[in-house]
Amino acid sequence: MTLRGMRRLEARRQMEESNFLLSKARSQNLNPPVDFRLLDYVTAYDDNLMCAICRCPFVDPVVLAECDHYFCRDCIRQSWGSTYSPSGPRGDCPQCRTPARLGTRSATSKILVNILDDLLVKCPKHEEGCPVSVKRGEVEDHMNIYCGYAYQECAGERCELPVRRKDADQGCLHFGVSCFDCHETMQKSTLENHWRSECAVRRVTCPRCNMHVLSKDLDSHNSETCEAVSIPCPGASIGCTSRSKRSQAQTHAKSCTFAKLAPVISSQKSRMDEQEAAQKLLSRKLEVLETGFGVMQGILYPKVSVEADDLAADESRIPFLDNSASERTLPPHHPRMFSGDSSGNALSPFDFPVPPTSRPSSAAPGVARRASPIGLPPSESAAALRQHDPIEAYNTNYDLASPGLPPPSTSGGPYVSPLHHLLSMHESLRDEMSRVNSALQELDGRHSMQTLNENLRTREEISYLGAQLAGLSRQVHWLTSTQLQRQSRSATPSAVAGSSSEMAGTSVEAAVNAVSTAATALRGAARMVSVGQGQSSSGSHGPMRRENSAEGRTKL
Amino acid sequence: MTTPLPKRIIKETERLQSEPVPGISAVPHDDNARYFDVNVEGPGGSCYEGGVFSLELFLPDDYPMCPPRIRFLTRIYHPNIDRLGRICLDVLKNNWSPALQIRTILLSIQALLGAPNPEDPLNEAVAKQWKENQAEAIKTAREWTEKFAQKK
């Protein structure tokens, strides 16, 4: 008895087991495993959660042991498919090409897996009507246990067809029916789906507005056109809290101030955003310019860099500096600044640029300074004192060369910005430079012309004197030769001859004297010429030289 | 189409449309989502500047495990592109990696236009010219661009 009981029990247990396995196999068959890559993700996910191979959030992520890049296990297996090695799958990382192998399961960061499992997804059956969004980690459970639209075994006896879980308690629905409206034959279990998405004839009445709509359009009717659904006022974005039915929305919009203002305000808002972006850009530019200006100021006035920095930092003070500085310093100082520059490197850069702020505020400081170097602030070194005289000499020359020089055109009142001030200063300096340049050129030309003229005259005189000298020497030669002849002829002494020879001797002596004076005069003239060439002579030497040569001629 | 389109291809196509790469456009055919019409602008500063070159791109069944097939349809004077428009580019062959995408590949091709590599030629004649008389070769490339490519 007990033995039979045991057998029966055993048989029953086996049957139950097989039934359980069968039903499990069937339910798995009926609901194919969820493919995570085909899910619709509700939560937004970024590239960091995305497998580089399938471009989906990782499914069973693995980390590569060498480079720490993550991939889905399937993706990386598939990608390494052809390369087999006995020590486990290995290959190059698809992202960085590092030779790598799969990390251990425990190497995969748990936090990554948790983040992935927490991503919200729509139920895989959402197209068939299931409205649920679940976490990705719970999708399998949802499908296998809860989802009303998942399939399970039909409750009917000897019926092996699948049925939706929500319909399971209505008994076997696998009998033929035909649609009331389109008369298509189908099984009862699929009728609902047919109405929901296929039937082109069936109309239903909207429970809210009592309108007849196509059954398959009911969803879009509810969300878009149903008159009875209340929608927010168009002015909701700027504060109108009223909701009205779609049919009355128009009338509400007509009376609602918010709704009228909404488009204006939204357009203004977009414009304001634009302006804000532009302003941000401009302020950035201004900042760059300001720092540049500060640097320039630092370069220009290194001695009072602290003050300059203060001024640059304190924006409100800059216009003040401009007004006073431009009036006080610019016109009189420009020539001086320039002369300091051109008279050479002897002036150290610390002496040349006197900051406007450190100048004494006398009415015409430039004039005072030109008159005497005492007016210089003590900050200027002794080098400046030494250098001052040549500068002033140059300055007077410069003024003579172009007496009609207009004052620099920079005293045009307050400047818009320190940068403008600097620029105008620079511009006027450049003007001065070019003017002085042309004056210098003119002077040079005049100078060389004068030298040439002088030279020409002197050369003429020299050649004239040379000719005179030649004539004289010929005369002397003639005189000596006659004298000699006479002496040889009167070998026997006679009184007459003595007196005559005496006369001849004196005349010869005089002639020799004359020649020697002429020679000294000539030498003097030659020296004059050489001096005239070497020195930058003005016309003042001319008359004296002519006197000299006249003297020489009279001596002859 | 027997097999459904992989999610990756759908995503790549969407992204190519929504945020296109500057100078590159790729549009799938209506009847075959794996076949793309591609237009690539010649990179600025190269001898292909100002021309728009059309290419065809096909994603094989095992994409992304194997590289897409790409071919120039516009004639182009380039040492790494032969008369049939085939392209000699390592990432299109053995250096393919499934982490690469259509956009990255098209960017590589645009870069190849900017930097021809006559040391690894596909078109021997062009490569020879390129090595011996580069100025002349660049001039020819300009002329061809003028003649065959669409204007930008």
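Nothing in this text is a laboratory measurement; each read-out follows from the coordinates by a stated rule. On a predicted model such as this, the values are computed, not experimentally measured, just so you know. FYI the Cβ positions are ideal-geometry reconstructions off the backbone, even for glycines, and counts take in every protein chain you see.
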Which of the chymotrypsin sites (Phe, Trp or Tyr not before Pro) found in the stretch A:135-201 are in a DSSP loop and have at most 16 neighbouring Cβ atoms, other than their own, within 10 Å?
A:PHE175, A:PHE180
What's the magnitude of the charge dipole for chain B around its Cα centre, counting Lys and Arg as +1 and Asp and Glu as -1 at the beta-carbon? Answer in Debye, nearest 20.
60
At a Förster radius of 35 Å, what calculated FRET efficiency corresponds to the Cβ-Cβ distance of A:ALA107 and A:ARG13, to the nearest 0.05?
0.25
Could you tell me which residue out of A:VAL121, A:GLY103, A:PRO131 lies farthest along the dipole of the stretch A:80-145 toward its positive end? Charges go on the beta carbon: Lys and Arg +1, Asp and Glu -1, centred on the Cα centre.
A:GLY103
Packing-wise, with mean Cβ within 10 Å as the measure, how do B:47-55, A:427-435, A:119-127 rank, highest first?
B:47-55, A:119-127, A:427-435
Treating cross-link reach as a plain straight distance, find the lysines whose alpha-carbon is under 20 Å from the alpha-carbon of A:LYS269, omitting any fewer than eight places away in the same chain.
A:LYS260, A:LYS280
In what sequence, highest mean first, do A:453-461, B:15-23 appear when ranked by Cβ atoms within 10 angstrom?
A:453-461, B:15-23
Can you put A:HIS421, A:HIS426 in order, fewest other beta carbons within 10 Å first?
A:HIS426, A:HIS421
Which residues' amide hydrogens lie under 5 Å from the amide hydrogen of B:ASN117, considering only partners 5 or more residues apart or on another chain, with H built in the peptide plane?
B:ASN80
